[in-house]
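Here's the structure, in structure tokens; my notes come after.
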Amino acid sequence: MRHRATTVVALLATAGFLFSTLPAATAADTVAAPSGVTIPKGYRDWQVIAPSQRDDTDEIRVILGNNIAMKAFRANTLPFPDGTILAKLAWKRVASTEFPKTFIPGVAPRIEFMVKNSKKYASTGGWGFGRFIEGKPADEKVHATCFPCHLANVKDHDFVFTRYAP
């Protein structure tokens, strides 16, 4: 029994050492967009709000929402409450080799986030915008295009393009 306990302790110590040599965070966890928006941990586990397709960029997109966003979408709540976070995953559209006239996700050119904080982002309708390419934030010039587009097109829907697809 003593030998087994010693073996278990040695294995746990080795595992602890190996995991301690891994980086504590990736660039995506710590790098912020010019607005201060970062890539939220666990966003890939959020629920789907709706899919979309954009022909001018030849993209397939899926919009995800955190729990606050999902509750607001389901209740048709506008404006969205502070703490709402939306994630837009986009992939270049490629023809399926297995099924005619079907498109599947290809390269993922970027991910984008909208974070609702009425006080912090008052000058942009209460939303902070973050666009990340290969885990790194796009430059300030790119981010400066986000709010004007939302303002021009979806001001009456709290600056959010996406509609819930139940």
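Quick check on my filter: what residues within the range 86-109 are at negative phi and not hydrophobic (A, V, I, L, M, F, W, C)?
Across the range 86-109, the qualifying residues are 88, 92, 93, 96, 97, 98, 100, 102, 105, 106, 109.
Check 38, 57 and return the single one that is at pLDDT 90 or above, within 19 Å of residue 161 (Cα to Cα), of a type in the set (Ser, Thr, Tyr) and outside any helix (DSSP H, G or I).
Of the residues listed, the single one that is at pLDDT 90 or above, within 19 Å of residue 161 (Cα to Cα), of a type in the set (Ser, Thr, Tyr) and outside any helix (DSSP H, G or I) is 57.
Identify the single condition in (1) closer than 25 Å to residue 156 by Cα; (2) within 17 Å of the chain's Cα centre (by Cα); (3) among the β-branched types (Val, Ile, Thr) that residue 38 does not satisfy, given that it satisfies every other one.
Going through the list (1) closer than 25 Å to residue 156 by Cα; (2) within 17 Å of the chain's Cα centre (by Cα); (3) among the β-branched types (Val, Ile, Thr), residue 38 breaks only (1).
Collect the residues in the range 145-160 that are under 13 Å from residue 78 (Cα atoms) and not in a helix (DSSP H, G or I), keeping them in residue-number order.
Hits for the range 145-160 are 158, 159, 160.
Would you confirm whether or not the range 122-144 contains a residue that is over 26 Å from residue 34 (Cα atoms) and either at pLDDT below 95 or part of a helix (DSSP H, G or I) (or both)?
No, the range 122-144 has no match at all.
Test each condition in (1) under 17 Å from the mean Cα position of the chain (by Cα); (2) modelled with pLDDT under 95; (3) of a type in the set (S, T, N, Q) for residue 84 and report the one that comes out false.
(2)
Condition (residue is assigned to a loop (DSSP other than H, G, I, E, B), touching a strand residue (DSSP E or B) at 6+ places or on another chain (Cβ under 8 Å) and crowded, with 17+ Cβ neighbours inside 10 Å) applied to the range 92-112: is it met by at least one residue?
Scanning the range 92-112 turns up no residue that is assigned to a loop (DSSP other than H, G, I, E, B), touching a strand residue (DSSP E or B) at 6+ places or on another chain (Cβ under 8 Å) and crowded, with 17+ Cβ neighbours inside 10 Å.
Being surrounded by fewer than 20 Cβ atoms within 10 Å (Cβ to Cβ), touching a helix residue (DSSP H, G or I) at 6+ places or on another chain (Cβ under 9 Å) and charged (D, E, K, R) is true for just one of 156, 139, 82, 58. Which residue is that?
82
The values are calculated or read from the model by the stated rules, or taken from the named source; none is laboratory data. Please read these numbers as outputs of a predicted model, since none were measured by experiment. Cβ atoms come from the backbone with ideal geometry, glycine included; neighbour counts cover every protein chain shown.
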